[in-house]
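Novice: One structure, pasted below without further comment.
Please treat every number below as a calculation from the coordinates, not as lab data. Keep in mind the model is a prediction, meaning the values are calculated, not measured. Counting neighbours? That spans all protein chains shown, and the Cβs are built from the backbone with ideal geometry, glycine included.
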Amino acid sequence: MIDVDQVWPILEAVEEKVTVAVPVALGDPLGAGLAPFGAADRVGLRGQQGVDHRAQQVAHEVRGRVGQGLAEQAGCSYSWSVLGPTESDAQPASELPTLPVGRFAREADMLPPLVRARRLVLGGRVDGDVYFEVQTLRGVADLLVVVPNVDVLAQRWSLGLRPVVDGARVSVLKALTRLGALEGSVVGGVSATAISEHVGISGGHVRGVIMPGLADDGWVVQTANTWRAVVPYEQPMRRIVAVEVKRDKWRQALSQASHHTSFADATYVALDAARAIDLAGLAEPFRLAGVGLVTVRRGAEPEVQRSLPASQRRPRGLPRAVVAERVAALLASGVRSGPVLHVFGKHLTTSSGEDPRRSLTLLTEPLRPE
């Protein structure tokens with residue numbers, strides 16, 4: 001695999017993205033809840049196995065709820081969310097710059113066409129679910145198209161397990177699973193000291209902070225001075241495709257998108273088709289980074305075209321697990337987007353129409369067991 005650092009000499013004057021680390025907005029604390037995309041492809045814009053009976057019921061409900069959300073997206077029947085700016089934050093049409101025909105005024109204006117083209121972005125095999133502004137270990141992903149692991153989510157819901165959005169806690173659960181320290185197994189529990197040696201975190205922090213927090217969330221149980229996980233750790237998303245959205249700053253977009261390859265099965269940059277002039281000249285740097293390119297053409301019937309393919313990966317390390325958990329947390333809280341940050345004191349929402357980051361909701365209420 002080529003290190004993405006090899007791309008930088010090809011990219012002149014790469015402008016690094018300034019990101020602000022913010023916690024994932026979970027809304028309700030979730031209580032005991034589930035914690036429950038050759039020739040270029042083109043598109044014109046015009047789905048068991050439960051741990052018990054309750055888990056099977058939950059799996060059906062999760063599938064139904066996810067399907068309902070996707071149907072709403074496809075039909076553009078958006079329901080309002082409390083997330084994001086109010087309508088007054090949108091810049092009045094009189095203040096918007098006059099644009100050449102076919103150009104997008106803002107990056108946010110490219111999101112609705114990308115949402116409708118999520119099957120193309122995901123690869124055309126299955127439909128996907130859409131999330132925005134998801135905090136990763138190296139920045140914020142503009143758009144994620146995901147396929148949830150419904151069986152894993154159902155099992156968690158049946159056991160009252162919350163999503164684990166903290167990287168250190170995910171590392172500990174993965175370590176307990178590797179060591180076989182699980183409830184009901186013949187392997188004994190593991191001490192905090194032994195866990196710390198596997199995850200590279202101090203024994204005092206593991207003992208005093210991480211393990212009590214996981215116990216409070218129902219993930220681990222303590223026997224004397226040893227710990228076991230209630231269930232083996234499994235990631236809650238089957239597939240994740242990341243999309244970095246920019247109107248024209250392809251170098252900056254590629255720099256940011258390269259970080260997403262650590263957790264995504266495929267990563268794309270989405271550019272305004274009216275501004276992306278020399279696509280042939282972009283092929284080599286994008287190929288070296290393993291990042292694909294889609295273009296979005298503005299018009300009465302917007303069109304999304306996949307111009308360069310993305311390398312297909314199967315990352316299963318900590319960056320992937322953390323992003324999957326944070327998507328699961330958004331799913332559980334019934335929202336589609338993490339915090340939409342201010343830029344120079346303003347919400348950069350869509351120039352007109354609804355912003356899908358605040359208008360698309362999966363559910364009217366957070367998911368939680370009865």
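Novice: For MET237, what is the net charge nearby, where nearby means another residue's Cβ is under 13 Å from its Cβ and Lys, Arg count +1, Asp, Glu -1?
Specialist: +2
Novice: Mind listing the long-range amide H neighbours of TRP227? Cut-off is under 5 Å, sequence gap 5 or more, other chains count too, H placed in the peptide plane at 1.01 Å from N.
Specialist: Long-range HN contacts for TRP227: VAL190, SER191.
Novice: If you plug each phi of segment 225-242 into the Karplus form 6.51 cos²θ - 1.76 cosθ + 1.60 with θ = phi - 60°, what whole-Hz ³J(HN,Hα) values come out, in order, with x for Gly and Pro?
Specialist: 10, 10, 10, 9, 7, 5, 9, x, 6, 10, 6, x, 10, 7, 8, 9, 10, 9
Novice: Okay, next question. Can you tell me the relative contact order of segment 164-229? Whole percent, Cα pairs under 8 Å, sequence separation 6 or more.
Specialist: It rounds to 36 percent for segment 164-229.
Novice: May I pose another question? If you plug each phi of segment 279-285 into the Karplus form 6.51 cos²θ - 1.76 cosθ + 1.60 with θ = phi - 60°, what whole-Hz ³J(HN,Hα) values come out, in order, with x for Gly and Pro?
Specialist: Computed from phi, the couplings for segment 279-285 are 5, 4, x, 8, 4, 5, x Hz.
Novice: With Cβ to Cβ distances under 12 Å as the rule, what net charge do the other residues near LEU176 carry (K, R +1; D, E -1)?
Specialist: +3
Novice: Which order do peptides 192-203, 131-142 fall in by mean Cβ count within 10 Å, highest first?
Specialist: Output ranking for 192-203, 131-142: 131-142, 192-203.
Novice: Oh, and also: Between segment 121-188 and segment 218-237, how far is it from one alpha carbon centroid to the other, in angstrom?
Specialist: Taking the Cα centre of each part, segment 121-188 and segment 218-237 sit 14 Å apart.
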